[in-house]
Amino acid sequence: MNLAYKILQSKLKTGELIPGTQIGIQIDQTLTQDSTGTMAYLQLEAMGIGHVAVEKAVAYIDHNMLQTGFENMDDHEFIRSVAKKHGIVFSKPGNGVCHQLQLENFAKPGKTLVGSDSHTPTCGAMGMIAIGAGGLDVAVAMATGTYYLQCPSVVKVNLVGTKSKWVSAKDIILYILQQMTVKGGVNKIIEYTGEGVQSLSLTDRATICNMGAELGATTSIFPTDEKTKEYLIQQGREADFVEMKADEDATYDEEITVDLSKLVPMTAKPHSPDAVVPVSELNGMKVNQVVIGSCTNSSFADMMKAARILKGRRVATHVSLVIAPGSSSILSMLSQNGALADMVAAGARILECGCGPCIGMGQAPLSKGISLRTINRNFKGRSGTNDASVYLVSPEVAALSAIKGYLSDEFEDDMYLADVPQTPFVKNKNFFIEDYDENNEIYMGPNIKPVPRGDKLQDVIEGKVCLKVGDNISTDHIVPSDSKLLPYRSNVPHLAKFSFCKVDDQFYNRCKANNGGFIVGGDNYGQGSSREHAALVPNYLKIKAIFAVSFARIHRSNLINNGILPLVIDAKDLDFFNDQDTYRLDDLKNCVENDLDVKVTNETTNDTIVAKLKLTPREKTMILYGGLLNAIKELGGDF
């Protein structure tokens, strides 16, 4: 048995490990962050539970830390009050990025983790099954200890050879993205094996698992070994080590081999993480901004390597270099060993430990600027500047290019840090609050609005097409994530006014004028962030169905959780839809209950097509009741 299925089998509560079928697994740990957490905890409160049903639940504050008004801090206080009531660990703002902190403090080999952030698979580096999901799915996992998903197939990535000293973990995952594309991992687990694994530190593996989310993968996982144990010893958690590996004769559904010795420094060009080319192809491209940080590349090792390159040198006069360490522990260690001083002396700006620029929360590039970032996504406009060009690179390439003033992989010998010190981590527990009181009063600020609910499925639905878009539409497109809109994550009615605003600023008005209707999309609709607001907002705007050639895994689940039909069409049928005519879906209850294709009629021309709707028994119930919360209210949590 492969490692992924070993862990899934040990946690299996319902179903069988047959790819494509529904399974329910026991969840040991959950995480939320404040961008998705407020809504998740509103949903948890709606279930009326007491103490959470998992071993460890953690609520992190790392996204919405720019407090230009009361909204973000109100959300933080709401989350803190819910955490106290339900036995959830609360991580205060400034403590760091949720995935880095989870890895340092709570991740354990062989355990399961589900989080309301698409980069939760970071902890697969620790030999965990760690899955990103929508907030409602995480709330249900906290309430019941169970998470339901489509059983994934498993892809073996065999790492062979030895990488050169200037090739990093970021280059490995960028190369894999180049080969597999942003939809190549949908409903798959990526399991890393081979001799090359031994050359990767735990945080190298975390970088690779983190950006498995960009493949669309359910999760990624590494075996545990001495490198795992070294990291746990650094964290003072040696007792948590368990050896986890695949059987010698393990079987896989697919296999890919990556020869590390043939890799070179890579970059992902705008505006997709799979638009990957060698850095050498773009050598000399002038840059305006460099960002080092995010849950992908903010580890102690990443910071130390960047600091070594910057030491004794100067950031180019026209470049703004900003650096955000991943956790308060890392920031403390950089402060103590002098690396922080080297960064500042070079001309770097040091940001608060958090997500910041990665999600467009500050540090937007200049108009038409070129920004090199060690983050995981470079979707158009995500940086906060719609006409900027963001390139994804390793911390080493980022630091070097900040000095040069242009994209470069022309390193000097004395820039190389051969061994990152295996220093015990500074553990500052003052940022973690563990305080349980089942009678604690919940704080509700004026910006926090109720969770929108769907309606029970009607047998016939009619409406117009409110929006038609192309391939690879991301949740950033559906609900933009920037410093102006993030404070309204707990206020869906306000957020709805800006849905698709960077794609078509009339979408909201059309929804209102037509009392909702339909959205039509291409391939890989809903890729990117796990934010369920990309389903909550269409639900609020009375979007009843979305037609697409294919859907990203998490977004499809979020649509069903909100009672919205995810209907799959052939690419050749995209021209069937326009914004002039009215469309009708017939016999929907029968189609849902009996796995039938849905007939779609253009009421103006009487032309028809069929759309496919494949649902598990549990998903059918959610659609029939108008969403997961409605189903739980009427049937209980174990329907």
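The values are calculated or read from the model by the stated rules, or taken from the named source; none is laboratory data. What you are looking at is a predicted structure, and each value in this text was computed from that prediction instead of being measured. We place every Cβ from the backbone using ideal geometry, glycine too, and count neighbours over all the protein chains shown.
At a glance:
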item: Subset of the range 416-441 [over 24 Å from K227 (Cα atoms) and either more than 28 Å from the chain's Cα centre (by Cα) or charged (D, E, K, R) (or both)]; result: K429, E434, D435, Y436, D437, E438, N439, N440, E441
item: Counted residues, the range 48-67 - those being assigned to a loop (DSSP other than H, G, I, E, B) and either touching a helix residue (DSSP H, G or I) at 6+ places or on another chain (Cβ under 8 Å) or closer than 23 Å to C295 by Cα (or both); result: 13
item: Hits in the range 366-385 - residues which are closer than 20 Å to V279 by Cβ, crowded, with 23+ Cβ neighbours inside 10 Å and either in contact with a Phe, Trp or Tyr (Cβ under 8 Å, 6 or more places away or on another chain) or of a type in the set (K, R) (or both); result: S371, L372, R373, R377, N378
item: Among (1) closer than 18 Å to S550 by Cα; (2) surrounded by fewer than 18 Cβ atoms within 10 Å (Cβ to Cβ); (3) modelled with pLDDT of 95 or more - the single one N590 does not satisfy; result: (1)
item: Failed item, numbered, when L596 is tested on (1) in a loop (DSSP other than H, G, I, E, B); (2) in contact (Cβ under 8 Å) with a residue 40 or more places away in the chain; (3) among the hydrophobic types (A, V, I, L, M, F, W, C); (4) surrounded by fewer than 18 Cβ atoms within 10 Å (Cβ to Cβ); result: (2)
item: Residue tally, condition of a type outside the set (A, V, I, L, M), part of a strand (DSSP E or B) and under 18 Å from R377 (Cα atoms), over the range 267-294; result: 3
item: Residues that are among the β-branched types (V, I, T) and not in a helix (DSSP H, G or I), drawn from the range 231-264; result: V242, T251, I256, T257, V258, V264
item: Flag for K449 being more than 30 Å from R349 (Cβ to Cβ), surrounded by fewer than 21 Cβ atoms within 10 Å (Cβ to Cβ) and modelled with pLDDT under 95; result: yes
item: Complete set of residues in the range 151-164 that are more than 12 Å from L263 (Cβ to Cβ) and either of a type in the set (S, T, Y) or part of a loop (DSSP other than H, G, I, E, B) (or both); result: C151, P152, S153
item: Whichever residue in the range 531-567 is touching a Ser or Thr at 6+ places or on another chain (Cβ under 6 Å) and within 18 Å of P452 (Cα to Cα) and, among such residues, is surrounded by the fewest Cβ atoms within 10 Å (Cβ to Cβ); result: V537
item: Flag for A239 being surrounded by fewer than 15 Cβ atoms within 10 Å (Cβ to Cβ) and at pLDDT 95 or above; result: yes
